[in-house]
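J.: Handing you this structure, nothing more for now.
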Amino acid sequence: MYLKRRHIEILREMLKTESQAEIEAKLPEEFQIRAIELFILGLAEIQGNRIVITEAGRKIVKAAEDLELPDTIADSAVIKMLELLEETGKVPEKWIEILKERKLADENGITEFGRTILEVYKSTHPVVYLTPEIASFLRGMPKIGTLDELITFKNSKAYGDNIINALQAMRLLKISPPTENGSAFSTTPAAKLALRALSMIPVFARAIVLRKEDFEALKAGRKTGELESMGLVNEKGVTEFGKAISDTYEAITREEEKVLPIYVLEDEIKVLSAIREIEEKNKTNPDVLPTEREVRERAGIEDIGELLHLLESKELIERRFVKGKDTYWLTGWGREVLEHGPVSVDAMKAVTYAESGDVPIAEWVIKAQEEGVIKAGVTDKGRFYLKLSKEIKRKPYLTRYDAAILAKLPRKKYIHKDELVRLVKDYIGGDEKDIIRAIGEAEAKGFIIELQNGMVKLTELGEKVKSAIEGAKLQEIIKVKFSLTPTLFNVLRIIQENIETFNRIWKEKGEARDYKIEEVDVIKKHLSLSEEEIKKALTMLRALGFLGSKSITEAGKIILEAY
């Protein structure tokens, strides 16, 4: 979306006449540029010498009646502010001032004019309008970065502001609302498809335009002279270029699936490196195994258990019972992580938000640049961690901080991150920096989502896990460092998958306060774990309320269903 006061002035004149010449005589300043932008936005139809207002255009003119408007009303940053205000009910004061200045909000929230702009944005579909100049800019521009970097590129190549405006109007480019570190920008998934389409044109001879009716004609395989002249169809039907432009059109308003950001800590890298060293030794000396003790000594980290569970939850290591010992081995993902080094949640959010069709804030982009995830585009490191974020199947891992975050977050409601930090600190104590980091990690695990305005809410998974821990022994859960690990989950899963066998064991005489040896024997057949680890898992599952003496508890069932 990109809307200026001049757009509305032109729309008002269109209610009186459809003659472009008459309107341009009254409003000559940048008329041709603004008319094209109105066409791209779906607020006007251009038919030869005529320019016709659409229903969406009429709605905006009506809502803007009697308003004294600033030069620029809405762009992609303002739309994001409106969306976040509508969704969460709260945005920074700086954003409210911007929205008030543009008559989109007041002391009571979003105004009628603001709601109309948002409604039109959601209900209209922009036109694909690619000129040689727009194509050249899109090919050469950085694809993600700070807004200053985009402006520097534009100025260095002597492009006009209208290029950035047109890309925003087509939703191929999004700019973030301003924060302490300024604004960021990112191209959208539709922009990637547009670039793919543009790569199919050897010589760009004319503007490529795709409206709703053109898109429908392509979908139906109909030929028109206009589509043929643009190379979108030929005697055989829709061309590959036509399909690519059609894909671009379709992607512009498509809601992309959110990608959860991954993170890898410095200490995790140390543990992975230690395991790799031990694996190398194991090749020549099979008695040297990557046991917890061996890994601890080589990594030089005392509290190694928590890190091993964390790495297993991300599929970077796998646990195996070898020569009577519990051991830990690198997966293919784990080996690749060692090639790229650590990465933070915020750095990855710069990439995952852009991948999901959303725009990251400047702080995330700057962090990504510092960590080598972005450099005039996504780096090899960024691409690897994006692939990892998309493809791994995260396994259950719940720390004390996770439990406190889930316990203190309300259902179906946003609260500010600062408030959540305070609530967690009051509940279980801890260092503020550790709690802030834990909130980022809880997002990476899929429990919560943090938006650009700092508002946080439970995800569907978070709601389920919250129900589970509240139905279990929450006061015990928040006392332990980790209450759910891949090992504990796997033991619970095996019990569920063999419930008839366990029901028979539980019917036999004798209470299972911690565990029965018969339970251990069954689990041992299905999991590569030592008896000692199985006994520990059963004891912990019962102590924390996920397993009863003779059944899986409701809390345990919810956890199994959640994953």
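J.: Extension gain Glu266-Lys26, at 0.36 nm per residue separation less the Cα-Cα distance, in nm?
T.: Length gained, Glu266 through Lys26: 80.0 nm.
J.: Next question, about the same structure. Based on the alpha carbon coordinates of segment 14-56, what radius of gyration and maximum Cα-Cα distance (Dmax) apply, in Å?
T.: 9.4, 25
J.: For each pair in Lys192/Lys457; Lys94/Lys417; Lys367/Lys395; Lys367/Lys408; Lys473/Lys557, compute the distance between the two Cα atoms and list the pairs where it is over 20 Å. Please list the in-between numbers first.
T.: On the way: Lys192/Lys457 30 Å; Lys94/Lys417 18 Å; Lys367/Lys395 27 Å; Lys367/Lys408 28 Å; Lys473/Lys557 14 Å.
In this structure, Lys192/Lys457; Lys367/Lys395; Lys367/Lys408 lie more than 20 Å apart at Cα.
J.: Relative contact order, percent, of the chain when contacts are C-alpha pairs under 8 Å separated by at least 6 residues?
T.: 11
J.: On full extension of the chain, what length is gained from Glu302 through Arg50, given 0.36 nm per residue of separation minus the C-alpha to C-alpha distance?
T.: 83.1 nm
J.: Which order do Ile46, Ile164 take by accessible area at a 1.4 Å probe, largest first?
T.: From most accessible down to least: Ile46, Ile164.
J.: Moving to a separate point now. Would you mind working out the accessible area per residue for the chain, using a 1.4 Å probe, and quoting it in Å²?
T.: Counting only protein heavy atoms, the per-residue value for the chain is 45 Å².
J.: Additional query: May I ask for the percentage of alpha-carbon pairs in segment 310-413 that lie more than 21 Å from each other?
T.: In whole percent, the share of Cα-Cα pairs in segment 310-413 beyond 21 Å is 50.
J.: Rounding to the nearest 20 debye, state how big the charge dipole of segment 179-282 is about its Cα centre with +1 on each Lys and Arg Cβ and -1 on each Asp and Glu Cβ.
T.: Magnitude of the dipole: close to 580 debye.
J.: With the dipole of the chain worked out from charges on the C-beta (+1 for Lys and Arg, -1 for Asp and Glu) around the Cα centre, which of Val520, Tyr353, Tyr397 lies farthest toward the positive end?
T.: Val520
J.: Still on this structure, I have one more. Per residue of segment 344-349, what does 6.51 cos²θ - 1.76 cosθ + 1.60 with θ = phi - 60° give for ³J(HN,Hα)? Whole Hz please, x for Gly and Pro, Karplus curve as stated.
T.: Residue by residue, segment 344-349 yields 9, 4, 4, 4, 6, 5 Hz.
J.: Please list the non-local residues whose amide H lies under 5 Å from the amide H of Asp106, H modeled 1.01 Å from N, same-chain partners needing a gap of 5 or more.
T.: Here the answer is Thr111, since their amide H atoms fall under 5 Å of that of Asp106.
J.: To the nearest 500 deg cm²/dmol, what mean residue ellipticity at 222 nm is calculated for the chain from DSSP H runs of n ≥ 4 alone, each contributing -39,500 (n - 2.57), summed and divided by the residues?
T.: Details: 31 runs with 318 residues, N = 563.
About -16500 deg cm²/dmol.
J.: Share of segment 269-358's accessible area from carbon and sulfur, percent, 1.4 Å?
T.: With neighbouring chains kept in place, the figure for segment 269-358 is 44 percent.
J.: Sticking with this one: With a 1.4 Å probe and all protein chains kept in place, how much accessible area does Ser123 have, in Å² rounded to the nearest 10?
T.: Probe radius 1.4 Å; accessible area of Ser123 about 80 Å².
J.: Which ³J(HN,Hα) values, rounded to whole Hz and listed in residue order, are derived for segment 385-396 from phi using the Karplus coefficients 6.51, -1.76 and 1.60 in 6.51 cos²θ - 1.76 cosθ + 1.60 with θ = phi - 60°, glycine and proline given as x?
T.: 5, 5, 4, 4, 4, 6, 9, 6, 9, 4, 9, x
J.: Could you pull the Cα extents of segment 68-148 along its three principal axes, largest to smallest, in whole Å?
T.: Principal extents (largest minus smallest coordinate, Cα): 44, 28, 26 Å.
J.: Order the following by accessible area, largest value first: Met540, Met14. Probe radius 1.4 Å; ligands, DNA and RNA are ignored.
T.: Numbers: Met540 50, Met14 10 Å².
Listed by decreasing accessible area, they come as Met540, Met14.
J.: For the chain, find the longest principal axis of its Cα atoms and tell me its angle to the long axis of helix 460-471, 0 to 90°, nearest 10.
T.: Roughly 30 degrees between the two axes.
J.: Ignoring everything but the protein chains, give the 1.4 Å probe accessible area of His340 in square angstrom, nearest 10.
T.: The value for His340 is about 60 Å².
J.: Now, a different point. What angle, in degrees between 0 and 90 and rounded to the nearest 10, separates the Cα long axis of helix 31-41 from the longest principal axis of the Cα atoms of the chain?
T.: 40
J.: Continuing with this model, one more query. Non-local amide H neighbours of Thr553 (under 5 Å, H modeled in plane, Pro and chain starts lacking H): which ones?
T.: Distant-sequence amide H within range of Thr553: Leu547, Gly548.
J.: All other residues with a Cβ under 13 Å from the Cβ of Lys479 taken together, and with Lys, Arg as +1 and Asp, Glu as -1, what is their net charge?
T.: So the environment of Lys479 carries a net charge of +2.
J.: Rounded to the nearest 10 degrees, what's the angle between the helix 304-313 long axis and the longest principal axis of the chain, both from Cα atoms, 0 to 90?
T.: For 304-313 against the chain, the angle is about 50 degrees.
J.: Next question, about the same structure. Looking at segment 121-169 from every direction and averaging, what is the projected area of its Cα convex hull in nm²?
T.: 3.9
J.: Which FRET efficiency, nearest 0.05, do Thr253 and Glu339 yield, Cβ-Cβ r, R0 41 Å?
T.: With R0 = 41 Å, the Cβ-Cβ based efficiency is 0.60.
J.: With +1 on each Lys and Arg Cβ and -1 on each Asp and Glu Cβ, and nothing else charged, work out how big the dipole of segment 104-198 is about its Cα centre, in Debye to the nearest 20.
T.: Numbers: 10 positive and 9 negative charges, 137 e Å.
That gives segment 104-198 a dipole magnitude of about 660 debye.
J.: Quick one: how many Å² of Glu306 are accessible to a 1.4 Å probe, rounded to 10?
T.: Probe radius 1.4 Å; accessible area of Glu306 about 50 Å².
J.: Taking 0.36 nm per residue of sequence separation and subtracting the Cα-Cα distance, how much length would be gained by fully extending the chain between Glu240 and Asp287, in nm to one decimal?
T.: 11.1 nm
J.: Mind checking which lysines have their Cα closer than 17 Å to the Cα of Lys323? Skip sequence neighbours fewer than 8 apart in that chain.
T.: Lys281, Lys283, Lys524, Lys525
J.: Quick check for me: using +1 on Lys/Arg Cβ and -1 on Asp/Glu Cβ, what's the dipole size of the chain about its Cα centre, in debye to the nearest 20?
T.: Using Cβ point charges on Lys, Arg, Asp and Glu, the chain gives about 1220 debye.
J.: Additional query: Ignoring ligands, DNA and RNA, what percent of the accessible area of segment 198-247 is carbon or sulfur (1.4 Å)?
T.: Ligands and nucleic acids excluded, carbon and sulfur give 51 percent.
J.: Please compute the net charge surrounding Glu240, taking Lys and Arg as +1 and Asp and Glu as -1 over other residues with Cβ under 12 Å from its Cβ.
T.: Here the charged neighbours net out to +2.
J.: For segment 289-417, what relative contact order do you get, as a whole percent, if you take Cα pairs closer than 8 Å and at least 6 residues apart?
T.: 20
J.: What residues have an amide H closer than 5 Å to that of Val128, excluding those fewer than 5 places away on the same chain, when H is modeled at 1.01 Å from N in the peptide plane?
T.: Leu210
J.: Using a cut-off of 13 Å between alpha-carbon atoms, which aspartates and glutamates can reach Lys157, once sequence neighbours fewer than 8 places away in the same chain are excluded?
T.: Glu133, Glu149
J.: Treating cross-link reach as a plain straight distance, find the aspartates and glutamates whose alpha-carbon is under 14 Å from the alpha-carbon of Lys243, omitting any fewer than eight places away in the same chain.
T.: Here the aspartates and glutamates satisfying the reach criterion relative to Lys243 are Asp214, Glu216, Glu228.
The values are calculated or read from the model by the stated rules, or taken from the named source; none is laboratory data. The model shown is predicted, which means the values in this text are computed figures rather than measured ones. Ideal geometry is used to build each Cβ from the backbone, glycine not excepted, and the neighbour counts take in all protein chains shown. Heavy atoms of the whole protein, side chains included, go into the accessibility calculation; ligands, DNA and RNA do not. Shrake-Rupley method; radii C 1.70, N 1.55, O 1.52, S 1.80 Å.
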